[in-house]
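The values are calculated or read from the model by the stated rules, or taken from the named source; none is laboratory data. Given the structure is predicted, the values throughout are model-derived calculations rather than measurements. Cβ placement follows ideal geometry from the backbone for every residue including glycine, while neighbour counts extend to all protein chains displayed.
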Amino acid sequence: MSKKEELLWNPTTNERQTFWEIEKEFGTEIAQGCLHCYESGEKYSKKLIRDMHRVKNGLSEIENTDQKQTEPQPDNIKSTVLNEQERTQHKNNNGNRFLRLWYEIMESEKYRHNQASKATLLLELMRRAVKSPKQSDPYDLYNIYYKGQDAIAVVAKQDELADWFGVHRGTISRWLRQLEKEESIKTARHPKHKNVNVYIVGLKKYDKKTKKNKHVYLCC
């Protein structure tokens, strides 16, 4: 068996996959990092795990820690008031800014363990839900649910969520039942993977005024 056929740990699912499977889902750079840790016996770095979650959730590319802002700021700025163009851009990007902020917050293991609750679980499901074809989507949720049923859906294993929040699996199960009872989520069986639960957290609706799709979450 070649080294690239060895089973490497995937922290986003807490399962083991071959080098080729990880490379296909996360790219060559991340796969090489996983293989290096396997061969050297080193633990996965926080950055490697963070990058894998970034790609898994389709929120951003691999983090570049060397990137620095190079554009100089004008010397004559005397106010932080946004001009009209910036205000419009700010308004349009509110949703994305929230997701980026929430993503950064949830990357802190201490924070998510201390703040673990039914509410943060719901926000995490909303964050992971598939809303773009660019996201990692092994269960084809974009085509089956987002395009086929106008539904915003996510697949998240309870064991992985329990590890993510630092709580018992039974606690995650109880929170999910409560969220479903409150109609903040809906649970369905995947049509092609009968043993996989799909959590629907929202709906896609077409706005005739803006002529764009908007997302309406069940909890709102």
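Quick one: D150 ticks every box in (1) within 18 Å of the chain's Cα centre (by Cα); (2) touching a residue at least 40 places away in the same chain (Cβ under 8 Å) except a single one, so which number is it?
(1)
Being closer than 23 Å to P11 by Cα and exposed (fewer than 15 other Cβ atoms within 10 Å of the Cβ) is the filter here; which residues of the stretch 150-160 pass it?
Correct list: D159 only.
Report yes if some residue within the stretch 187-204 is of a type outside the set (K, R), under 18 Å from the mean Cα position of the chain (by Cα) and exposed (fewer than 13 other Cβ atoms within 10 Å of the Cβ); otherwise report no.
Checked the stretch 187-204: no residue is of a type outside the set (K, R), under 18 Å from the mean Cα position of the chain (by Cα) and exposed (fewer than 13 other Cβ atoms within 10 Å of the Cβ).
Return the residue satisfying two criteria in turn: it lies in the stretch 2-22 and is closer than 16 Å to R54 by Cβ and out of contact with any Asp or Glu (no Cβ under 7 Å at 6 or more places or on another chain), and of such residues it is surrounded by the most Cβ atoms within 10 Å (Cβ to Cβ).
Per the stated criteria, the residue is I22.
Here is a yes/no grid of residues against (1) within 24 Å of A162 (Cα to Cα); (2) modelled with pLDDT under 85; (3) assigned by TED's automatic domain parsing to the domain that holds V196:
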residue	(1), (2), (3)
L7	yes, yes, no
N10	yes, no, no
E15	yes, yes, no
I30	no, no, no
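Conditions tested, residue by residue: (1) β-branched (V, I, T); (2) within 15 Å of the chain's Cα centre (by Cα); (3) modelled with pLDDT under 60.
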{"site": "C37", "(1), (2), (3)": "no, no, no"}
{"site": "H53", "(1), (2), (3)": "no, yes, no"}
{"site": "N76", "(1), (2), (3)": "no, no, yes"}
{"site": "L82", "(1), (2), (3)": "no, no, yes"}
{"site": "N94", "(1), (2), (3)": "no, no, yes"}
{"site": "E104", "(1), (2), (3)": "no, yes, no"}
{"site": "R112", "(1), (2), (3)": "no, yes, no"}
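For every residue, the table says whether it meets (1) outside the structural domain of M52 (by TED's automatic domain parsing); (2) over 16 Å from T12 (Cα atoms); (3) not hydroxyl-bearing (S, T, Y).
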site: E124; (1), (2), (3): yes, no, yes
site: D137; (1), (2), (3): yes, no, yes
site: G148; (1), (2), (3): yes, yes, yes
site: A162; (1), (2), (3): yes, no, yes
site: S173; (1), (2), (3): yes, yes, no
site: H193; (1), (2), (3): yes, yes, yes
site: V201; (1), (2), (3): yes, yes, yes
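Quick check, is L218 among the aliphatic types (A, V, I, L, M), free of Cβ contacts under 8 Å to residues at least 60 places away in the same chain and closer than 25 Å to R50 by Cα?
When the stated conditions are applied, L218 does not pass them.
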